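Engineer: The following block contains the structure, expressed as structure tokens.
No value in this document is a laboratory result; all are computed from the given coordinates. Owing to the predicted nature of the structure, the values given are computational and were not obtained by experimental measurement. Ideal geometry is used to build each Cβ from the backbone, glycine not excepted, and the neighbour counts take in all protein chains shown.
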Amino acid sequence: MARKEKFWSSIQDIVSGIEKHPFITGLVDGSLPMESFQDYIIQDALYLREFSRALLVLSAKAEKQEQTINFLTHVLDASRVEEGLHNSFLRKWNVDLDIQEMTPVNRAYTSFLLSVSYSSPYPEILAAVLPCYWIYMHVGKLLIEKGSPVEEYRRWINTYGGEEYERGVMWAVDQLEKVEVDQGQERRMLQNFRLASIYEFMFWDSAYKRERFPFSMRINRN
């Protein structure tokens, strides 16, 4: 079995849970509350800033020049998604991203990614960042055939269900086959891959429930 098949099969319970989640099904039938979608977009914009930092470290630790160049390109692509998709929504909703606070799940997920990035070798970082790519492509392809009656939801689906996005994702996924690791390191890769996949589920679940920290993170300057 190819390594990418092994990795994907290891998270099928999580993928199934994501497919059935009311956030995802609500995108298609239009039942997702717009407030939950707005919370999701805000958190995703905050997430992408930290995810880009993780990709920068990954590119610096890459084993081949092609990997370095392509992952740097993915950093720029993430910035374009934030500028094109997220910021258009945020402007429409009159949201100032700079004063928004991360949710508990978002802070935990991005802290995990950055911790792995700074403390681990290239293969283990690769495994940690791949669920963000792979699961979004899977969900996008699943939903693009169904569409949505809500314009904002259709825009989101079309962004992640398109062929251009799929090409970039499949290149990243194929990098799993190019790393040489022993059994212990592959086990750590699988652990990172699974934990990041769980965080992907939790990210949508948190937005759907509109979760917050019980107290503000802002420092009182009085």
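Engineer: Apply 1/(1 + (r/R0)^6) to the Cβ-Cβ distance of Asn70 and Ser119, taking R0 = 30 Å, and write down the FRET efficiency to the nearest 0.05. If you can, show how the numbers build up before the last one.
Structural biologist: Values: r = 23 Å, r/R0 = 0.77.
Using R0 = 30 Å, I get an efficiency of 0.85.
Engineer: Another question, then. Kindly put Glu186, Glu19 in sequence by how many other C-beta atoms sit within 10 Å of each C-beta, fewest to most. Could you put the intermediate results ahead of the total?
Structural biologist: Working: Glu186 18, Glu19 13.
Going from least to most buried by this count: Glu19, Glu186.
Engineer: So what are the stretch 1-51's ellipsoid semi-axes, whole angstrom, largest first, if each one is the square root of 5 times an eigenvalue of the alpha-carbon gyration tensor? Walk me through the numbers on the way to the answer.
Structural biologist: Details: eigenvalues 144, 62, 8 Å².
Largest first, the stretch 1-51 gives 27, 18, 6 Å.
Engineer: Show the residues, 5+ positions off or on another chain, whose built amide H is closer than 5 Å to the amide H of Glu211.
Structural biologist: none
Engineer: Per residue, what volume in Å³ does the convex hull of the Cα atoms of the chain enclose? Before the final figure, lay out each step's value.
Structural biologist: On the way: hull volume 29.4 nm³, N = 222.
About 132 Å³ per residue, rounded to a whole number.
Engineer: Go ahead and collect, in residue order, the members of the stretch 121-139 whose backbone nitrogen is under 16 Å from a label point 7 Å along the Cα-Cβ direction of Gln191.
Structural biologist: 121-129
Engineer: Now, a different point. Spelling out what I want: for every residue of the stretch 15-30, take phi, set θ = phi - 60°, compute 6.51 cos²θ - 1.76 cosθ + 1.60 (Karplus), and round to whole Hz; glycine and proline get x.
Structural biologist: Result, ordered by residue: 4, 4, x, 5, 4, 8, 5, x, 5, 6, 5, x, 5, 6, 8, x Hz.
Engineer: Further question: Please give the helix 65-81 orientation as an angle from the longest Cα principal axis of the chain, in degrees from 0 to 90, rounded to the nearest 10.
Structural biologist: 10
Engineer: With runs of 4+ DSSP H residues as the only contributors, calculate the mean residue ellipticity of the chain at 222 nm using -39,500 (n - 2.57) per run, divided by the residue total and rounded to the nearest 500. Could you put the intermediate results ahead of the total?
Structural biologist: Working: 11 runs with 165 residues, N = 222.
About -24500 deg cm²/dmol.
Engineer: Using alpha carbon centroids, what distance separates the stretch 20-36 and the stretch 143-176, in Å?
Structural biologist: 17
Engineer: Where a Cα-Cα gap under 24 Å defines reach, which lysines qualify for Lys20, not counting those fewer than 8 residues away within the same chain?
Structural biologist: List returned: Lys4, Lys6, Lys141, Lys146, Lys209.
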